[in-house]
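Right, one structure below, let's go through it.
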Amino acid sequence: IDRLDRVVADFLAFARPSTPAREPTDLREVVDEVIDLVRHHRDAQQVAFEDDLGAGELIVEVDRDLLTQVLLNLTLNATQAHAEHDTPSPEVRFVHGVRELAGRRHRCLGVRDNGPGVAPEDREHIFNPYYTTRDEGSGLGLSISSRIVEAHGGFLDLESAPGEVTFWICFEEGA
């Protein structure tokens, strides 16, 4: 029943995307909040969380609640991957970067883990609705997260190599 409830809730969130209520938001505060929430999850008990956001202001115009939802989903995915693959010394790092795409600067927040990586055959499908590699997954978490970031005029991106995966949440500067 709990799984069915989660699938229905995920479906409704996917079917009815929220319109972002943008306000200046400090990425560090959102990261701290997510770490506090996730730290108590059963899959996160052995995970070390690191804030590698560096110095300087990290303010973006976003809907704080929606960004928290995206960051929470990515962080839980990372901790669950560690638990499923019994990663030695599991860690999740929050990193910051700036990307230049099509002549536009994007401020990016990354969730990086030292887990098993994303298999090449899964990379092209992971943002598709209902695609999952987990027995208990609904396959909607990454697609909902991607839609939320796109509703902000941004994008969600993946970098994966053996032993390191980074999901980037990128927002156009000045948007």
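Compute the normalised compactness of region 22-172: alpha-carbon radius of gyration over 2.2 N^0.38 Å, N being the residue count. Kindly include the intermediate steps, with their values, before the conclusion.
Details: Rg = 14.6 Å, N = 151, 2.2 N^0.38 = 14.8 Å.
Dividing the Cα radius of gyration by 2.2 N^0.38 Å gives 0.99.
Just to confirm, what accessible area per residue do you get for region 25-143 at 1.4 Å probe, in whole Å²?
52
Can you tell me the Rg and Dmax of region 44-119, counting just the alpha carbons, in angstroms?
My reading of the Cα-based Rg and Dmax gives 14.1, 42 Å.
The values are calculated or read from the model by the stated rules, or taken from the named source; none is laboratory data. Note that the structure is predicted; figures quoted are calculated from it, not measured. SASA here: full protein model, heavy atoms, side chains in, ligands and nucleic acids out. Shrake-Rupley method; radii C 1.70, N 1.55, O 1.52, S 1.80 Å.
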